[in-house]
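A short worksheet on the structure shown next.
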Amino acid sequence: MNKKDIKKYFSFLGIKKKYKSKKINCEICGSKDSKIIKKKISWNNNKFGILPVCGCLNCGFVFQNPRFEKDFYEKFYSEYYRKKTYNNVVPSKAFLKDQKKRGKKIFDFIKKYIKKSKGTILDVGCSVGLMFKPFIKSGWTCIGNDPDYHYVKYGREKLNLPVEFLQAEKMKLKNNSLDLIIIAGSLEHCYDPNKVLTLCAKAAKKGSLIVLETRGEPRATSKVYFNHNHHRYFSMNSIELMMIKHGWKPFLTTLFPISGPTREGGIW
């Protein structure tokens, strides 16, 4: 990815500041060896451009490479993500309704695996926070964060939900404080998934549960599937490897859409 390609991408976003980019090692195994599998990807529904996606030649993990510096992603998610990808900065009624439904389906599915009737739950990348609703009604203490400023503001001010505008890498969590962690559709957006999972692992109580949903199976053509706001793409194998790396033991990995039909193509 040369300077001209980067300039085109920044021009598309409307970002005037220059941010450095560099090649990174595989985020799972640390290998330096990777190969480009898709050079031109989706920038939104009508625009395609160069932002290479690579495959690790050691473990097969698929991720964007090169990557920009951390400050770029903070700017991107706080100001440009919704505007450029979805052409909005305020959640629609359909989005809010879907969040409620997804939260109820997740709650109903995982409650049989939770030993406690209530506890403390962390939702990383919670958006407006409406997926908390069934947990709040059941007496759970809920903590949520998201780097999307406008959606978090809506959740806090309009819905009075316990959500915080925050990059997940900056979370301040007490050790041994969490009974349940949910990262649904957010791990592929984080700047540093290893830092996020390290923080979560330290905060997790013994016997706690982590629930991950990640972008996995392609839902459309590869051009649309690979897009600028997803920085990594998991398989059933790689998501388990990522969990094991941080001390969790996977006991259920599935393509079944746990949170409903609007999230087809994900891996749980």
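The values are calculated or read from the model by the stated rules, or taken from the named source; none is laboratory data. Predicted model only: the values in this text are computed from it and were never measured. Neighbour counts run over all protein chains shown; Cβ positions are idealised from the backbone, glycine included. Please note that ligands, DNA and RNA were not included when accessible areas were found on the heavy atoms of the full protein model with its side chains. Shrake-Rupley method; radii C 1.70, N 1.55, O 1.52, S 1.80 Å.
To keep it simple, each residue is scored yes or no on (1) open to solvent by 40 Å² or more (accessible area, probe 1.4 Å); (2) in contact (Cβ under 8 Å) with a residue 40 or more places away in the chain; (3) farther than 21 Å from Lys18 by Cα.
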| position | (1), (2), (3) |
| --- | --- |
| Asp33 | yes, no, yes |
| Ser42 | no, yes, yes |
| Val53 | no, yes, yes |
| Phe68 | no, yes, no |
| Tyr77 | no, yes, no |
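Looking at Tyr86, Tyr113, can you tell me which residue is at pLDDT below 85 and either surrounded by 15 or more Cβ atoms within 10 Å (Cβ to Cβ) or of a type in the set (Ser, Thr, Tyr) (or both)?
Tyr86
Spot the failing condition for His150; the list is (1) modelled with pLDDT of 95 or more; (2) within 19 Å of Asp98 (Cα to Cα); (3) surrounded by fewer than 23 Cβ atoms within 10 Å (Cβ to Cβ), and only one is missed.
(1)
When you go through Cys29, Cys59 one by one, which is the residue that is of a type outside the set (Val, Ile, Thr), open to solvent by 50 Å² or more (accessible area, probe 1.4 Å), in a loop (DSSP other than H, G, I, E, B) and under 15 Å from Arg232 (Cα atoms)? Full working, then the answer.
Numbers: Cys59 fails: open to solvent by 50 Å² or more (accessible area, probe 1.4 Å).
Residue meeting the stated conditions: Cys29.
Taking Glu213, is it outside any loop (DSSP other than H, G, I, E, B), crowded, with 22+ Cβ neighbours inside 10 Å and touching a strand residue (DSSP E or B) at 6+ places or on another chain (Cβ under 8 Å)?
Considered against the rule, which asks whether it is outside any loop (DSSP other than H, G, I, E, B), crowded, with 22+ Cβ neighbours inside 10 Å and touching a strand residue (DSSP E or B) at 6+ places or on another chain (Cβ under 8 Å), Glu213 comes out as yes.
Any idea how many residues of segment 2-14 are touching a residue at least 24 places away in the same chain (Cβ under 8 Å) and surrounded by 17 or more Cβ atoms within 10 Å (Cβ to Cβ)? Don't jump to the end; show me each part of the working.
Going through segment 2-14, the residues touching a residue at least 24 places away in the same chain (Cβ under 8 Å) turn out to be 5, 8-9, 12-14.
Those left that are additionally surrounded by 17 or more Cβ atoms within 10 Å (Cβ to Cβ): 9, 13.
Number satisfying all stated conditions: 2.
How many residues are crowded, with 16+ Cβ neighbours inside 10 Å and under 27 Å from Thr85 (Cβ atoms) if we restrict to segment 237-255?
Matching residues across segment 237-255 total 3.
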